[in-house]
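For reference, the structure is listed below as structure tokens.
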Amino acid sequence: MENKINFIKANIDALPIPDSGKRYTYHDTKTAGLQIRITSTGVKTFSVYRRIKGGDPERITIGRYPDMTIEQARREAVRIAADISDGKNPAEIKRGKKAELTFSDLFAEYLERHSKPSKRTWREDESKYKTYLEKTLGRKKLSSIDRRDIALIHSSITKAGHDITANRVLALTSSIFGWGISAGLWELNPAIGIKRNKENTRDRFIQGDELPRFFEAVAKEENDAIRDYVLISLLTGARRANVLSMRWQDINFERAEWRIEETKNGTPQTVTLSQEAIEILQARKPSNHAIFVFPGSGKSGHLEEPKKGWKRILERAGIQNLRIHDLRRTLGSWQAKTGASLAIIGKSLNHKNQNTTAIYARLDLDPVRDSVNKATSAMLTAAGLKQSADAVPLKRKKGVDFGK
């Protein structure tokens with residue numbers, strides 16, 4: 001059965017399924033040589049059917065619908081027709097298509113040759129690929145991926161309410177293609193030119209009136225690893241990944257310091273530990289030779305994902321729109337409230353700022369420690385866990401016990 005139709009989505013979707021063992025072929029009225037063939041199982045495949053100079057007609061399969069869009073099939077048909085007009089053999093064209101990398105192939109090269117050797121966050125690249133790109137782009141040949149494909153992915157993530165994630169996935173896709181070009185594996189970057197979502201600078205931190213509810217909700221958390229992880233994140237202002245991978249060997253109880261050998265910005269950091277943070281860590285310290293402060297059962301050996309516990313805490317506290325990273329901002333904000341300079345705050349949070357690098361280099365930990373202690377004291381006072389300037393042990397407040 002052979003017919004000519006205009007290849008539009010409505011027409012192709014409405015095509016009848018042939019009986020068992022049969023196959024229908026339809027020709028596009030707009031693009032010479034472009035066909036779509038339908039099997040009795042409902043599989044629809046684009047192909048190009050053209051006569052070679054001095055030979056018989058050849059059928060070249062180019063992709064399945066709807067994985068390959070109509071516009072992509074038309075462009076590919078035009079390209080193949082041009083190659084045939086130049087005297088190229090379709091068999092060679094087809095072999096070239098088979099040899100062409102898929103997006104999955106390109107990502108594998110990118111991960112092993114670029115991301116793992118040069119990015120501490122390579123696991124985030126791998127996670128984003130598996131979550132958002134593998135099913136949508138993974139099997140596609142690079143030549144079949146266009147700006148529309150990537151824009152649709154960005155749009156779908158955005159519509160799901162994840163504007164920033166959509167931007168990060170778009171940035172990763174662009175990086176993969178960009179690296180592929182620099183490595184001589186590909187020639188075009190279809191992610192260029194796609195408009196990113198507007199990102200407002202986030203200024204959320206735990207307000208004074210929220211602190212009593214927050215600390216009470218944390219105290220009621222039955223998972224002691226989650227509870228203490230949240231507290232240490234708040235009291236140190238350290239980044240999420242660094243707290244998760246915190247090691248006992250890096251903590252000096254005598255100096256009340258925690259040494260992070262490599263942070264996100266590529267520099268080491270010495271974190272000053274308040275008395276409250278020391279008490280929590282001392283209560284957690286095991287008698288055996290444990291490596292991580294917050295051990296986990298995964299491959300890394302430490303706690304990997306505290307989101308479920310974090311959600312429980314926020315629900316108990318009745319607090320909305322607060323992220324784990326906002327704990328870091330909370331310490332900095334309370335430092336500012338208690339009179340710390342921007343240089344002191346930057347030093348304590350290990351911000352990398354070229355304009356203040358020289359200032360940071362001249363600062364020792366004493367003013368930083370004083371600022372962190374003042375901010376901690378102010379937060380605990382606002383939460384009702386300290387009376388005036390006099391410390392009240394956290395475990396003494398009725399219904400609150402952070403030391404277990």
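The values are calculated or read from the model by the stated rules, or taken from the named source; none is laboratory data. All values reported here derive from a predicted model rather than from experimental measurement. FYI the Cβ positions are ideal-geometry reconstructions off the backbone, even for glycines, and counts take in every protein chain you see.
Annotations for the structure displayed:
- Of all residues making up segment 247-289, the number that are part of a loop (DSSP other than H, G, I, E, B) and in contact with a Ser or Thr (Cβ under 6 Å, 6 or more places away or on another chain): 1
- Considering (1) within 21 Å of residue 337 (Cβ to Cβ); (2) assigned to a loop (DSSP other than H, G, I, E, B); (3) within 30 Å of the chain's Cα centre (by Cα); (4) not aliphatic (A, V, I, L, M), the lone condition that residue 208 does not fulfil carries the number (3).
- Count - residues of segment 191-223 that are β-branched (Val, Ile, Thr) and either in contact with a strand residue (DSSP E or B) (Cβ under 6 Å, 6 or more places away or on another chain) or loosely packed, with under 15 Cβ neighbours inside 10 Å (or both): 2
- Criterion: at pLDDT below 90, outside the structural domain of residue 143 (by TED's automatic domain parsing) and assigned to a loop (DSSP other than H, G, I, E, B) - qualifying residue of 63, 54: 54
- Boolean, residue 121 is polar (S, T, N, Q), surrounded by fewer than 17 Cβ atoms within 10 Å (Cβ to Cβ), within 30 Å of residue 286 (Cα to Cα) and touching a residue at least 40 places away in the same chain (Cβ under 8 Å): yes
- Set side by side, the residues 318, 301 differ, and just one is surrounded by fewer than 20 Cβ atoms within 10 Å (Cβ to Cβ) and without any contact (Cβ under 8 Å) to a residue 12 or more places away in the chain, which is 301.
- Filtered residue count, segment 66-77, keeping only those that are surrounded by 21 or more Cβ atoms within 10 Å (Cβ to Cβ) and either assigned to a strand (DSSP E or B) or of a type in the set (A, V, I, L, M) (or both): 3
- If you go through segment 153-164 and pick out every residue that is part of a helix (DSSP H, G or I), surrounded by fewer than 17 Cβ atoms within 10 Å (Cβ to Cβ) and either free of Cβ contacts under 8 Å to residues at least 12 places away in the same chain or in contact with a helix residue (DSSP H, G or I) (Cβ under 7 Å, 6 or more places away or on another chain) (or both), you end up with 3.
- Filter result for residue 230 (among the β-branched types (Val, Ile, Thr), buried (at least 18 other Cβ atoms within 10 Å of the Cβ) and in contact with a Gly (Cβ under 9 Å, 6 or more places away or on another chain)): yes
- Looking across segment 370-397 at every residue that is at negative phi, modelled with pLDDT under 70 and not in a helix (DSSP H, G or I), the one that is surrounded by the most Cβ atoms within 10 Å (Cβ to Cβ) is identified as 397.
- Looking only at segment 165-195, residues that are under 19 Å from residue 137 (Cα atoms) and assigned to a loop (DSSP other than H, G, I, E, B) come to 10 in all.
- Candidate set from segment 329-349 (those that are under 25 Å from the mean Cα position of the chain (by Cα) and closer than 18 Å to residue 383 by Cβ); member that is surrounded by the fewest Cβ atoms within 10 Å (Cβ to Cβ): 329
- Each residue in segment 12-24 was checked for being within 43 Å of the chain's Cα centre (by Cα) and either surrounded by 12 or more Cβ atoms within 10 Å (Cβ to Cβ) or under 14 Å from residue 77 (Cβ atoms) (or both), and 3 pass.
- Within segment 124-143, the set of residues being modelled with pLDDT under 90 and surrounded by 15 or more Cβ atoms within 10 Å (Cβ to Cβ) comprises just one member, 143.
- Of all residues in segment 83-123 being closer than 30 Å to residue 267 by Cβ and of a type in the set (A, V, I, L, M, F, W, C), the one that is modelled with the lowest pLDDT: 122
- Unique match (being exposed (fewer than 13 other Cβ atoms within 10 Å of the Cβ), touching a residue at least 24 places away in the same chain (Cβ under 8 Å) and assigned by TED's automatic domain parsing to the domain that holds residue 85) among 44, 9: 9
- Helices (runs of 4 or more DSSP H) wholly inside segment 296-369 containing at least 1 residues that are at pLDDT 75 or above and under 24 Å from residue 259 (Cβ atoms): 325-337, 342-349
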